[in-house]
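Take a look at the structure set out below.
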Amino acid sequence: MAFVQNFPFFSIILSLFSGPLSSILGGKAAKRLNIAVISMIGIMSCAVLSFTISSGESYVYMMGHFPAPWGNEIRVGVLEASMAVFFCVIMLLCMLGGERERLAEIEPEKQNLYYIMVNLLLSSLLALIYTNDLFTAYVFVEINTISACGLIMIKQNGRNIEAATRYMIMSLLGSGLLLLGICFLYDLTGHLLMSNIKEQVQLLNESGDYHIPLLVSLSLMSVGLAIKSALYPFHAWLPDAYGYSTLSSAAILSSLVSKGYIFLLVKIFYRVVGFDIVRDSKVINVLFVFGVAGMIMGSVSAIKENNIRRMIAYSSVAQIGYIYMGFGLGTTAGVIASIYHIVSHAATKSLLFVAASGITEASGDSTDFFDLTGAGYRNKLAGVAFTVGSLSMVGFPMFAGFISKILFAQAAVESLHKVLPTLIALALSTILNAVYFMKTVIRIYTPEKKSVAAQKGHTMIRIMDNPVKSAALVCFILLNLILGLCSEPIVRLFQNGLNMFT
């Protein structure tokens, strides 16, 4: 075994143990450790991605001295490695972009607690990406939930505590349903390792035995993960959680946490049950209906909002709907489109949150829509970044969101019975996206009288006032352009990865 094949295991362990280590460090030292860990894991993930691309096949890494089914395994291919690289890049930029806000909003003695949560969150995301064991996945789902809850309530005010409580209640409901589904599946197959479960499920499907229990198990796991990823109508916790938490928390939660659950659902569909069985079960039809509903209702809710951060949060409900709609098409092309949208939405949503922070900073720290008048002139880089993110969400050519919508439209053509509702939903959602994002862009570039600006405490923000956030915004813009202009090799990479996935 090549040494690089150990890197996925090293990445999980490194991020897992850096959490407790942060507890004995001061805030500044914990921050340096966190940045170093994310960067190191990103570099190792790049090496793993290069190895899997050159080898052309996935590999299984056995932890300990006991083979399956007694031991634990992780499985690594192109898709897993590419997701790990992307998650590390987004998390690093989110942490850099929200550095000043963390210092201002989190008490000094709690700074290191924040980095404990971030390190544990990264560990859980990596485990969800790599694990080949279903119960291990559940354990890290819970670690992910607790860490995310800590990121929401770290500010310790009434709004955040309420949002964290609501998030915890909904997440525990989703976790409970997921665990029930895993228990049923274990009772039917006698295995927890994904590859072994799939073998038994295929035999049960061929024999026709236990068809209803298998359907119940698949339904429970799908609904559980749908609740945890805020699929409409299970999104009630989302606006407050994203809207009132500190900047880094909002950016990480919106761009990464829900995507980890969705990636686990892809693994369940392909590596645990088998996508042919999932398609025949009609569960995807339910996901399709709720996905389309989320695309529309999330956008309608965003239009009604006058708080820019809550508006961006409601937009996430619509974008999660896109992903589940892609699954619901029941085709490989639909899944590829959803995986690409996981990447494009994560890059764009974190860009929007960081840019919105710069806009509100130039508007007397007000998130109210009407106070943002002229903010694009007071903070020029944030205004440009928010415009780029908005155009991407609407689906303007050259940006990541455009490629996602093209892929969804192409995938819809392959699903004859769903092509019309998919195209109608895409068109309607695009129009609604344009309504609330473009009206915000127009608002921030509407000139404001100097006397009014002075009265409201509006200030000019220059790039060098916060060079770290400015650098993060530039990187986010470049990432969005790369996803929009160089999509073909990325799509091909995901296709190869999905072929290895099965």
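Name the residue, out of Leu193, Leu180, that is over 30 Å from Leu238 (Cα atoms) and more than 23 Å from the chain's Cα centre (by Cα).
Details: Leu180 fails: over 30 Å from Leu238 (Cα atoms).
Answer to the selection: Leu193.
Could you check segment 308-342 and list, in sequence order, the residues that are hydrophobic (A, V, I, L, M, F, W, C), more than 27 Å from Gly374 (Cβ to Cβ) and under 14 Å from the mean Cα position of the chain (by Cα)?
Applying the first criterion (hydrophobic (A, V, I, L, M, F, W, C)) to segment 308-342 yields 308, 311-313, 317-318, 320, 323, 325, 327, 329, 333, 335-337, 339, 342.
Retained after the next criterion (residues that are more than 27 Å from Gly374 (Cβ to Cβ)): 317-318, 320, 323, 325, 327, 329, 333, 335-337, 339, 342.
Within segment 308-342, Val317, Ala318, Ile320, Ile323, Ile339, Ile342 qualify.
Mind listing whichever residues of segment 96-144 are acidic (Asp, Glu) and touching a strand residue (DSSP E or B) at 6+ places or on another chain (Cβ under 7 Å)?
Residues of segment 96-144 that are acidic (Asp, Glu), as a first pass: 99, 101, 105, 107, 109, 133, 142.
Answer for segment 96-144, where residues must be acidic (Asp, Glu) and touching a strand residue (DSSP E or B) at 6+ places or on another chain (Cβ under 7 Å): just Asp133.
Hey, can you tell me all the residues within segment 480-495 that are of a type outside the set (Ser, Thr, Tyr), under 14 Å from Ser392 (Cα atoms) and in contact with a helix residue (DSSP H, G or I) (Cβ under 7 Å, 6 or more places away or on another chain)? Before the answer, list the steps.
Step one: of segment 480-495, the residues of a type outside the set (Ser, Thr, Tyr) are 480-486, 488-495.
Remaining after also requiring under 14 Å from Ser392 (Cα atoms): 480-485.
Correct list: Asn480, Leu483, Gly484.
Return the residues of segment 284-325 that are open to solvent by less than 20 Å² (accessible area, probe 1.4 Å) and either modelled with pLDDT under 85 or within 25 Å of Glu361 (Cα to Cα) (or both); say none if nothing qualifies.
If the condition is that a residue be open to solvent by less than 20 Å² (accessible area, probe 1.4 Å) and either modelled with pLDDT under 85 or within 25 Å of Glu361 (Cα to Cα) (or both), then Ala302, Ile308, Met311, Ile312, Ala313, Ser315, Ser316 are the ones that fit.
Looking only at segment 103-117, count how many residues are in a helix (DSSP H, G or I) and surrounded by fewer than 20 Cβ atoms within 10 Å (Cβ to Cβ).
Final tally of qualifying residues: 7.
Test Pro20 against the stated conditions and say whether it is surrounded by fewer than 18 Cβ atoms within 10 Å (Cβ to Cβ) and in contact (Cβ under 8 Å) with a residue 60 or more places away in the chain. Steps first, please.
Numbers: surrounded by fewer than 18 Cβ atoms within 10 Å (Cβ to Cβ): yes; in contact (Cβ under 8 Å) with a residue 60 or more places away in the chain: yes.
Against the criterion (surrounded by fewer than 18 Cβ atoms within 10 Å (Cβ to Cβ) and in contact (Cβ under 8 Å) with a residue 60 or more places away in the chain), Pro20 qualifies.
Checking Gln156 against (1) open to solvent by less than 60 Å² (accessible area, probe 1.4 Å); (2) farther than 19 Å from Ile277 by Cβ; (3) not in a helix (DSSP H, G or I), which single condition isn't satisfied?
Of the numbered conditions (1) open to solvent by less than 60 Å² (accessible area, probe 1.4 Å); (2) farther than 19 Å from Ile277 by Cβ; (3) not in a helix (DSSP H, G or I), the odd one out for Gln156 is (1).
Where residues in segment 343-370 are within 19 Å of Ala104 (Cβ to Cβ) and open to solvent by 10 Å² or more (accessible area, probe 1.4 Å), which of them is nearest to the chain's Cα centre (by Cα)?
Restricting to residues being within 19 Å of Ala104 (Cβ to Cβ) and open to solvent by 10 Å² or more (accessible area, probe 1.4 Å), the top hit is Ser357.
Residues in segment 254-274: is at least one basic (Lys, Arg), more than 23 Å from Leu432 (Cα to Cα) and open to solvent by 10 Å² or more (accessible area, probe 1.4 Å)?
The answer is no, given that none of the residues of segment 254-274 is basic (Lys, Arg), more than 23 Å from Leu432 (Cα to Cα) and open to solvent by 10 Å² or more (accessible area, probe 1.4 Å).
Residues are listed down the side, and each one gets a yes or a no for (1) part of a helix (DSSP H, G or I); (2) at pLDDT 90 or above; (3) charged (D, E, K, R); (4) open to solvent by 40 Å² or more (accessible area, probe 1.4 Å):
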{"residue": "Leu16", "(1), (2), (3), (4)": "yes, no, no, yes"}
{"residue": "Arg32", "(1), (2), (3), (4)": "yes, no, yes, yes"}
{"residue": "Met44", "(1), (2), (3), (4)": "yes, yes, no, no"}
{"residue": "Ser54", "(1), (2), (3), (4)": "yes, no, no, yes"}
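If only one of Leu128, Leu151 is closer than 15 Å to Thr246 by Cα and within 16 Å of the chain's Cα centre (by Cα), which one is it? Can you show your working first?
Details: Leu128 fails: closer than 15 Å to Thr246 by Cα.
Within the list Leu128, Leu151, the selection yields Leu151.
Given Lys304, Lys267, Lys282, which one is within 29 Å of Phe501 (Cα to Cα) and free of Cβ contacts under 8 Å to residues at least 12 places away in the same chain? Explain how you work it out, then say what you get.
Details: Lys304 fails: within 29 Å of Phe501 (Cα to Cα); Lys267 fails: free of Cβ contacts under 8 Å to residues at least 12 places away in the same chain.
One residue alone meets the criteria, Lys282.
The values are calculated or read from the model by the stated rules, or taken from the named source; none is laboratory data. Everything quoted here is computed from the prediction, not taken from an experiment. Heads up, the Cβs are rebuilt from the backbone with ideal geometry, glycines too, and the neighbour counts pull from every protein chain shown. Please note that ligands, DNA and RNA were not included when accessible areas were found on the heavy atoms of the full protein model with its side chains. Shrake-Rupley method; radii C 1.70, N 1.55, O 1.52, S 1.80 Å.
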